[in-house]
1. Roughly speaking, what is the centre-to-centre gap between the range 238-260 and the range 157-174 when only Cα atoms are used, to the nearest Å?
2. Restrict the search to the range 209-309; then list the chymotrypsin sites (Phe, Trp or Tyr not before Pro) that DSSP places in a loop and that have at most 16 other Cβ atoms within 10 Å of their Cβ.
3. Name all residues of the range 173-188 having a backbone nitrogen under 16 Å from the label point set 7 Å from the Cα of Val141 along its Cα→Cβ direction, giving them as ranges.
4. Quick check of the Kirkwood formula: for the range 248-291, what is the inverse mean of 1/r over all pairs of different Cα atoms, in Å?
5. So if we plug the beta-carbon distance of Leu2 and Val112 into 1/(1 + (r/R0)^6) with R0 = 41 Å, what FRET efficiency do we get, rounded to 0.05?
6. For the range 174-255, divide the Cα radius of gyration by the Kirkwood radius and give the resulting Rg/Rh value with two decimals.
7. How large is log10 I(q)/I(0) at q = 0.08, 0.10, 0.16 Å⁻¹ when the Debye formula is applied to the Cα atoms of the range 94-312, each weighted equally and without solvent?
8. Give me the percent relative contact order of the range 94-312, please, defined on Cα pairs under 8 angstrom at least 6 residues apart.
Amino acid sequence: MLRFILRRLFSGVVLVFVISTIAYLLLYLGGGDIARSILGESATAATVAQKAHSLGLDRPVLEQYFGWLGHAVTGNLGSSWFTGQAVSAAVSARVGVTLSLVLGATLISAVVSIIIGVWAAARRGWIDRSVQLLSVVGVAVPGFLIALGLVTVFAINLKWFKPTGFVQFASSPSGWIATATLPILALAIGGIAGVTAQVRGSVIDALRQDYVRTLRSRGLPRNRVVFKHVLRNAGGPALAVLAVQFVGLLGGAVIVEQIFAIPGLGQVAVTATSQGDIPLVMGLVVVTAIIVVVVNLLIDLLQGWLNPKVRLA
């Protein structure tokens, strides 16, 4: 198991390095005149040149990147070029907000998808066809339309929840529920549709295996066979889809946070990208990549626990 974890960690480190390299080069190529953007159009050419020199923008791109990388591996992600705030402080102040939304949506997607997917696979017929139809509709509807619909119905018309803003759970659990429920549901609905289809397909395939017929012939109840044996064997593909879904929810959180005016990573990512604030954008890229690597490592460990063959592959 230790070797399995070390292999995954090594591949995760390589992935973070590759992503950071590609992101830095893309930002550099499309950054424009960042010094001019910081100082404004009224700044003189000499002032702009001095600002570019102080930021190191007049150095070769590879020299800039490896300079940033050398500091990043020590935990120093630099400071924002526009606000002067430390990137680590700006990201850490917002990462908890985004993770609370994404983790909440992932948890809801997993629980609801397992229940509906197993139900559809075990109850073939109109129930199964209805679940398939709803899954297609859920995947096809854009997330921002779901978010706008939830705001209109439950926040504006019924006034059950707050339409905008965010309250930390530690400050007020009831306030967190009032402000986080709709964003989490907006993220989860599309995820439920995708994961449900995978769970349904995996359970149907598992139900056709010989061991299921053997267990049933020995008199084991159907529910026990499904939830103790079938679901464990069908869990691997579903977990893989859930990991991909988590990454998609991180991207979807950018739009949802804009709609609900939530101060998360999505909000600062939009601002930093539009300004060309390379240190802040790179900090967001690195933190997001690390989160994805950690989540995929946890999924791999769960798959290895469910299926020992994964550890041997």
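1. Taking the Cα centre of each part, the range 238-260 and the range 157-174 sit 21 Å apart.
2. Working: sites: Tyr211, Phe227, Phe246, Phe260, Trp305; in loops: Phe260.
Those that pass, being in a loop and sparsely packed, number zero.
3. 182-188
4. Numbers: mean 1/r = 0.0947 Å⁻¹.
The answer is 10.6 Å.
5. On the way: r = 35 Å, r/R0 = 0.85.
Here the calculated transfer efficiency is 0.75.
6. Numbers: Rg = 17.2 Å, Rh = 14.8 Å.
Expressed as Rg/Rh, it is 1.17.
7. Debye output, listed in q order: -0.35, -0.53, -1.10.
8. On the way: 240 pairs, mean separation 61.6, N = 219.
Dividing the mean separation by the residue count of the range 94-312 yields 28 percent.
We did not get these values from a lab; they are worked out from the coordinates using the rules stated. Computed from a predicted structure; not experimentally measured. For neighbour counting, all protein chains shown are included, and Cβ atoms are generated from backbone atoms with ideal geometry for every residue, glycine included.
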